[in-house]
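Here the structure is laid out as structure tokens; the discussion comes afterwards.
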Amino acid sequence: MPTITVHTAAPYDILIGQGLLQSAGARIRALRPKAKAAVITDDRVDGLYGTALIRSLESAGIEAVKFAFPNGEGSKNLSTMQDIYRFLNESGITRSDLLIALGGGVVGDVTGFAAASWLRGIDFVQIPTTFLAMIDSSVGGKTGVDTAEGKNLVGAFWQPVLVLCDSATLSTLPQENFCDGVAEAIKYGAIFDEALFDLLASGAVKEHLEQVIRRCVDLKRETVERDERDTGLRQLLNFGHTLGHAIERQSGYAVSHGRAVGIGMAEITRRSEALGLTAPGSAAKIERALAAYGMADRYDGNLCDLVPAMLGDKKRHGASLTFILLDKIGRARLHPVPVSEIGPFIGA
Ligand SMILES: NC(=O)c1ccc[n+]([C@@H]2O[C@H](COP(=O)([O-])OP(=O)(O)OC[C@H]3O[C@@H](n4cnc5c(N)ncnc54)[C@H](O)[C@@H]3O)[C@@H](O)[C@H]2O)c1
Ligand SMILES: [Zn+2]
């Protein structure tokens, strides 16, 4: 089974393959023989995979309880956290037990934050079931919830003890959600790996799914190991995201994260190419890669309307905003722009 070990303060393994859901119980039992498990999931994933996971845990001799909340970003809030704390209390979950996040990025972020905060921190296992969660949110230890003040403003860095990416679960993922992950995969290729980019641009992601997951996870692993607390190198992963987040916000979240990031990557690269900061032809390659999956590459409004939303970005440091620009496909760098010059910089 392909395994990637993440060497953060406490190292952990990420396993990638088919059928990991069925062997989850035995693997978790081997890691934490005495722990009871609280599975946290959403109602949709629960209906698809909840029973299989509970069966796997129980047949390995693990006492398991389960809590499911309504699916979707709307549940990623403090009220869900409160419901989870109540459930953990009623279920007698102690520091020697563990949580299991079964679901997409929402379940992973919420469960990770519950694990980081319940009894001041208990172990958790990630079983991501979306492409995005496998290649992005389940690696790197960022957990948290949305509040009235904004998305992901409250949370903690908290690493899982094990991540199981069962690629078989992706067979039920709707195309729209799948595309969100594809956009992030294209991002990894664009900033770090031209060969990965070319493979994705060929439109053949489903034929090479496990290979793509492995490569993306490994690229994120390397970045996170070198910058666990997101103070430098890890910012490169933000390629396409400054514009992307602003597009998401401006649309009232009608445009999904991945599609917004896709547009963000194309827009910023067209612009940096025009300014002579990126190798010619790079933007056209991004446009072709997005088109291979039916994703848009242009913001259908005025870019200057996005500036206020960009200035609210939590990645902003003082008087400048750091954009990620490509030198060429496969190589990226940080490019700080003074706040007063952002409008002209993005061509607004
Ligand atoms: N922590 C991080 O580093 C990080 C990184 C990127 C994104 N995120 C967060 O991740 C979230 C987005 O994650 P997401 O796109 O996985 O969204 P999600 O968790 O909302 O899942 C999307 C939808 O797919 C459903 N679903 C999940 N797995 C399924 C499956 N196998 N088959 C059928 N349906 C399935 C879910 O029920 C949900 O309705 C955002 O909140 C974002 O902020 C976190
Ligand atoms: Zn993203």
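Restricting attention to region 120-138, which residues are under 21 Å from His257 (Cα atoms) and either part of a helix (DSSP H, G or I) or free of Cβ contacts under 8 Å to residues at least 12 places away in the same chain (or both)?
Scanning region 120-138 gives Phe131, Leu132, Ala133, Met134, Ile135, Asp136, Ser137.
If Gly262 satisfies every condition in (1) within 18 Å of Ala283 (Cα to Cα); (2) touching a Phe, Trp or Tyr at 6+ places or on another chain (Cβ under 8 Å) but one, which is the exception?
Failing condition for Gly262: (2).
Residue by residue through region 172-184, note down the ones that are within 30 Å of Leu31 (Cα to Cα) and within 13 Å of ligand 2 (Cβ to nearest atom).
Once the filter is applied, which keeps residues that are within 30 Å of Leu31 (Cα to Cα) and within 13 Å of ligand 2 (Cβ to nearest atom), region 172-184 yields only Gly181.
Name the residue that is nearest to ligand 1 (Cβ to nearest atom), counting only residues in region 250-290 that are among the charged types (D, E, K, R) and more than 23 Å from Pro174 (Cβ to Cβ).
Glu267
Gly294 - would you say it is in contact with a Cys (Cβ under 8 Å, 6 or more places away or on another chain), at pLDDT 95 or above and not in a helix (DSSP H, G or I)?
Yes: the conditions hold for Gly294.
What pairs come out if I take residues in region 279-301 that are within 16 Å of Ile191 (Cα to Cα) and pair them with residues that are of a type in the set (A, V, I, L, M, F, W, C) and open to solvent by 50 Å² or more (accessible area, probe 1.4 Å) whose C-beta lies under 9 Å away, six or more apart or interchain?
Once the first residue is within 16 Å of Ile191 (Cα to Cα) and sits in region 279-301, its partners that are of a type in the set (A, V, I, L, M, F, W, C) and open to solvent by 50 Å² or more (accessible area, probe 1.4 Å) give Ala283/Ala274; Leu290/Ala296.
Of the residues Leu119, Leu199, Leu170, only one is over 16 Å from the mean Cα position of the chain (by Cα) and on the phi < 0 side of the Ramachandran plot; which?
Leu199
Residues that are at pLDDT 95 or above, crowded, with 18+ Cβ neighbours inside 10 Å and touching a helix residue (DSSP H, G or I) at 6+ places or on another chain (Cβ under 8 Å): does region 115-122 have at least one?
Yes, some residue in region 115-122 is at pLDDT 95 or above, crowded, with 18+ Cβ neighbours inside 10 Å and touching a helix residue (DSSP H, G or I) at 6+ places or on another chain (Cβ under 8 Å).
One residue is enough: does region 255-272 have a residue meeting the conditions under 27 Å from His7 (Cα atoms), more than 14 Å from ligand 2 (Cβ to nearest atom) and either free of Cβ contacts under 8 Å to residues at least 12 places away in the same chain or not hydrophobic (A, V, I, L, M, F, W, C) (or both)?
no
Need at least 3 residues that are touching a strand residue (DSSP E or B) at 6+ places or on another chain (Cβ under 9 Å) and within 30 Å of Leu321 (Cα to Cα) per element, so show me which helices (runs of 4 or more DSSP H) inside region 157-275 make the cut, counting only ones lying wholly within it.
175-192, 209-226, 241-250, 257-274
Could you list, in sequence order, all residues of region 101-159 that are of a type in the set (Asp, Glu) and near ligand 1 (Cβ under 6 Å from one of its atoms)?
Once the filter is applied, which keeps residues that are of a type in the set (Asp, Glu) and near ligand 1 (Cβ under 6 Å from one of its atoms), region 101-159 yields Asp109, Asp136.
Give the residue, chosen from Leu233, Leu275, that is among the hydrophobic types (A, V, I, L, M, F, W, C), at pLDDT below 95 and open to solvent by 20 Å² or more (accessible area, probe 1.4 Å).
The match here is Leu233.
Restricting to region 133-171, what's the tally of residues that are within 12 Å of Gly112 (Cα to Cα), within 16 Å of ligand 2 (Cβ to nearest atom) and open to solvent by less than 10 Å² (accessible area, probe 1.4 Å)?
Within region 133-171, residues that are within 12 Å of Gly112 (Cα to Cα), within 16 Å of ligand 2 (Cβ to nearest atom) and open to solvent by less than 10 Å² (accessible area, probe 1.4 Å) number 5.
Which residue, of Ile62, Ile100, is hydrophobic (A, V, I, L, M, F, W, C) and free of Cβ contacts under 8 Å to residues at least 60 places away in the same chain?
Ile62
Each row is one residue, and each column tells you yes or no for (1) open to solvent by 20 Å² or more (accessible area, probe 1.4 Å); (2) modelled with pLDDT under 95; (3) assigned to a loop (DSSP other than H, G, I, E, B).
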position: Pro280; (1), (2), (3): yes, no, yes
position: Ala283; (1), (2), (3): no, no, no
position: Gly301; (1), (2), (3): yes, yes, yes
position: Val307; (1), (2), (3): yes, yes, no
position: Met310; (1), (2), (3): no, yes, no
position: Lys315; (1), (2), (3): yes, yes, yes
position: Leu326; (1), (2), (3): no, no, no
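Taking the condition among the hydroxyl-bearing types (Ser, Thr, Tyr) and either in a strand (DSSP E or B) or open to solvent by 10 Å² or more (accessible area, probe 1.4 Å) (or both), does Thr111 pass?
For Thr111, the condition - among the hydroxyl-bearing types (Ser, Thr, Tyr) and either in a strand (DSSP E or B) or open to solvent by 10 Å² or more (accessible area, probe 1.4 Å) (or both) - is not met.
I need the full set of residues from region 62-85 which are of a type in the set (D, E, K, R) and either closer than 18 Å to Asp43 by Cα or in a strand (DSSP E or B) (or both), in order please.
Listed by number, the residues that qualify are Lys66, Glu73, Lys76, Asp83.
The values are calculated or read from the model by the stated rules, or taken from the named source; none is laboratory data. This one's a predicted model, so the numbers in the text were calculated from it and none came from an experiment. In this analysis, Cβ positions are derived from the backbone assuming ideal geometry, glycine residues included, and neighbour counts consider all displayed protein chains. SASA here: full protein model, heavy atoms, side chains in, ligands and nucleic acids out. Shrake-Rupley method; radii C 1.70, N 1.55, O 1.52, S 1.80 Å.
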